[in-house]
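S.K.: Attaching a single structure in structure tokens format; questions to follow.
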Amino acid sequence: MWFGLSPKIRGTLLGSVLRLDIDHYTSSHPYSIPSDNPFVNENGSRPEIFAYGIRNIWRCDVDEGDPETGYGRGRIICGDVGQGAYEEIDIIKRGRNYGWNSREGFECYRKDKCGKIGPEEFPIYAYSHSVGKSVTGGHVYRGCLNPNLHGLYVYGDYVNGKLFRLKETVSSGSGGSSWENKELTMCGEDVCFNGLVSQYEKNILSFGEDDDGRWLFCLRHDLSYVTADISGPLSNRHLRLLVNKDVVSVQRDVDGGAIC
């Protein structure tokens, strides 16, 4: 998707995130337009558009929010696949311009347009193609079994199979949030025993969760369960994967679960 250069781009659905009412339809479309969509009354803009300036989103997640405070509930967090240099993670917000193709990640892609297209919504995180080449958007953990993972956003890279987590720190006042990224490393001999292995197929297609709130991720040929071993310090966290034929399952964290 090669759009996002100017407000005129809101006249096409390409490169946009759409918000539709699929429970009601019109004579011309199998859907209707929510009345509070941001451009519903703007001449020349498609009323379906919720956000624009997107390149090629691959998987979005709707945050279920903190079960006690509700913080984060309803946030749409997406991985947007880059062109030739950067991959990015975005929180999709109403009416915002995400900058493609004037910008890729935080960096200028079209120097003649970069910084000249009006207000832009920047990613919460971006990584270069020296780290990975095709982001697969992930999932925010809000389950009960692993309280130490609460609020972490885990995502991956399709090309090399690396897994990462983003941890949000909410600033006081109106300072917004900062996000710390960390690559999740595979288990070593101290953890990989009794059937646990440290390998899985690298092509990560998608993420989700089961009825217990455990992370799942889909590979090209596997459906996998994933969690993190929190027995060591933060800098020494592992993924614990149990491979049984084509299914990768998880062993519960060593300190047990939690009662919600």
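Read-outs throughout are calculated quantities, based only on the coordinates presented, and are distinct from any laboratory measurement. Computed from a prediction, not measured in an experiment: that's the story for all the values here. All Cβ positions, even for glycine, are placed from backbone atoms using ideal geometry, and neighbour counts span all protein chains on display.
S.K.: Starting from the Cα gyration tensor of the range 63-167, take the square roots of the eigenvalues, sort them a ≥ b ≥ c, and report rounded, prolate or oblate (rounded when a/c is under 1.5, otherwise prolate if a/b is larger than b/c, else oblate).
M.R.: Taking the square roots of the gyration eigenvalues as a ≥ b ≥ c, the range 63-167 is oblate.
S.K.: Run the simple label-point estimate for Ser172 and Asp112 please: 7 Å along Cα→C-beta, distance reported in nm.
M.R.: Result for the modelled spin labels: 4.9 nm.
S.K.: Expected output is a single nm value to one decimal: the length gained when fully extending between Ser27 and Asn41, i.e. 0.36 nm times separation in residues minus the C-alpha distance. What is it?
M.R.: Full extension from Ser27 to Asn41 adds 3.1 nm.
S.K.: Cβ neighbours within 10 Å, averaged per peptide: list 33-40, 101-108 in order, most packed at the top.
M.R.: 101-108, 33-40
S.K.: Working out 0.36 nm times the residue gap between Thr12 and Ser130, then minus their Cα-Cα distance, what length gain in nm do you get to one decimal?
M.R.: Working it through step by step, the gained length comes to 39.2 nm.
S.K.: In addition: Tell me which residues come under 5 Å, amide H to amide H, from Phe207 once H is placed; ignore anything under 5 positions away on its chain.
M.R.: Correct list: Cys218.
S.K.: State to the nearest 20 debye the size of the charge dipole of the range 7-193 about its Cα centre, where the only charges are +1 on K and R beta carbons and -1 on D and E beta carbons.
M.R.: 700 debye
S.K.: Assuming a ≥ b ≥ c are the square roots of the Cα gyration tensor eigenvalues, decide whether the range 7-193 counts as rounded (a/c under 1.5), prolate (otherwise, with a/b larger than b/c) or oblate.
M.R.: It is prolate, given that a/c is not under 1.5 and a/b is the larger ratio.
S.K.: In addition: Search the structure for amide H atoms under 5 Å from the amide H of Val81, placed 1.01 Å from N in the peptide plane, and list their residues when 5 or more places away or on another chain.
M.R.: Amide H neighbours of Val81: Asn56, Ile57, Trp58.
S.K.: Follow-up question, since we're still on this one. Before anything else, pin down the relative contact order of the range 7-193: Cα pairs under 8 Å, at least 6 apart, normalised by residue count, whole percent.
M.R.: Averaging sequence separation for qualifying contacts and normalising by length gives 14 percent for the range 7-193.
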